[in-house]
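Written out below as structure tokens is the structure these notes cover.
The values are calculated or read from the model by the stated rules, or taken from the named source; none is laboratory data. These numbers come from a predicted model, not from an experiment. Cβ placement follows ideal geometry from the backbone for every residue including glycine, while neighbour counts extend to all protein chains displayed.
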Amino acid sequence: MDLRELRKETAAILAEARVDSPRLEADLLIHHITGWERASLLAHPERLFPDGLFPVLAEALERRAAREPLQYITGVCEFMGRTFRVGPGCLVPRPETELLVLESSKYFREGTFLDWGTGSGCIAASILLENPESRCVAVDGSPRAIAWAWRNFKERGLLGRCLLCHSPSFERIPMPPGGFGMIVSNPPYIPTGVIPGLMPEVSRYEPLCALDGGDDGSDHYRSLARWARTALAPGGALIVEMGSDEPAEELISVTRGAMTVLSVVRDLRGSTRVVVLMRSPF
């Protein structure tokens, strides 16, 4: 079968499964299996797809039609212009989380920071790569997520600068002398009752522990904010991703008197996406 027909049939199957952007995803699956760039697929529609790869494509197509995340099938995800390994057991990095990393660069350059809920490790790795004098403690309550983060740190030669810690509680997090210079986090913030109605890629496949923020979505914001008041070094920054305006108000309320709001960053939809607070330097 030539690529013209294959791309058409693959996209049709994905469209029937109600996958967003079926033509693009068909090309991405073919690229993943063959290594042929999308520009090549478009430029050479007469090219024949290798017979020996049809079973591989069929399996990948079946998984994607079942709404398994494309990133779990390909095993990679782009974040901050870099490719990170991802798979079942860790949250797929979202483009909007890049705002968290970009904002962190305004308040931290060297010293030790904490990435709470590290998942794939993409946030911590990105900050470490941008700040050669920095070190990190990357924490997650999921052993499967820690395994993905370890792989990403290892591939970039960052294991010597990052302590990976499996800890479901704040009490077990190793603290540097004087506290962390910065704490960053993209915590679970989806209200429990909302999760079943999310798109299947999220509700069926991504780890519940990385999604569920409790009844109002703010459970982890409250606990993180209370702990950060003493875990941060004086003058240190707490930089947190938000899912909506309400958790931001909750976070600011919990830290009132102990921390100062430095920045509230909104996304393209006008919703609060990142909040930056600073512990008093005194």
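Here are the numbers for this structure:
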quantity: Among residues of the range 185-201, those that are assigned to a helix (DSSP H, G or I) and touching a Pro at 6+ places or on another chain (Cβ under 8 Å), counted; calculated: 1
quantity: Set V56, V92, V19: member being of a type in the set (A, V, I, L, M, F, W, C) and touching a residue at least 60 places away in the same chain (Cβ under 8 Å); calculated: V92
quantity: Test: residue in the range 246-255 that is assigned by TED's automatic domain parsing to the domain that holds I190 and within 20 Å of the chain's Cα centre (by Cα); calculated: yes
quantity: The lone exception for R38 - which of (1) closer than 28 Å to R151 by Cβ; (2) modelled with pLDDT of 95 or more; (3) surrounded by fewer than 15 Cβ atoms within 10 Å (Cβ to Cβ) it fails; calculated: (2)
quantity: Residue list for the range 28-77, restricted to those being closer than 16 Å to D2 by Cβ, hydrophobic (A, V, I, L, M, F, W, C) and not in a helix (DSSP H, G or I); calculated: W36, L48, F49
quantity: Qualifying positions in the range 40-93 - over 26 Å from C209 (Cβ atoms) and of a type in the set (S, T, N, Q); calculated: S40
quantity: Candidate set from the range 90-118 (those that are surrounded by 20 or more Cβ atoms within 10 Å (Cβ to Cβ) and part of a loop (DSSP other than H, G, I, E, B)); member that is farthest from the chain's Cα centre (by Cα); calculated: F108
quantity: Test: residue in the range 119-129 that is modelled with pLDDT under 95, in contact with a helix residue (DSSP H, G or I) (Cβ under 8 Å, 6 or more places away or on another chain) and not in a loop (DSSP other than H, G, I, E, B); calculated: no
quantity: Positions within the range 76-89 being farther than 20 Å from M199 by Cα, touching a residue at least 12 places away in the same chain (Cβ under 8 Å) and touching a strand residue (DSSP E or B) at 6+ places or on another chain (Cβ under 7 Å), in sequence order; calculated: F84, R85
quantity: Counted residues, the range 224-245 - those being buried (at least 16 other Cβ atoms within 10 Å of the Cβ) and either farther than 20 Å from F108 by Cα or within 16 Å of the chain's Cα centre (by Cα) (or both); calculated: 5
quantity: Members of the range 212-246 found to be closer than 16 Å to R273 by Cα, in contact with a helix residue (DSSP H, G or I) (Cβ under 7 Å, 6 or more places away or on another chain) and part of a loop (DSSP other than H, G, I, E, B), listed by number; calculated: G213, G217, S218, M242
quantity: Residues of the range 168-190 satisfying the condition of being crowded, with 16+ Cβ neighbours inside 10 Å and under 15 Å from C209 (Cβ atoms); calculated: S185, N186, P187, P188, Y189, I190
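Okay, residues lined up against (1) without any contact (Cβ under 8 Å) to a residue 40 or more places away in the chain; (2) of a type outside the set (D, E, K, R); (3) over 18 Å from C90 (Cα atoms):
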{"site": "E130", "(1), (2), (3)": "yes, no, yes"}
{"site": "R151", "(1), (2), (3)": "no, no, no"}
{"site": "S167", "(1), (2), (3)": "yes, yes, no"}
{"site": "G197", "(1), (2), (3)": "yes, yes, yes"}
{"site": "R204", "(1), (2), (3)": "no, no, no"}
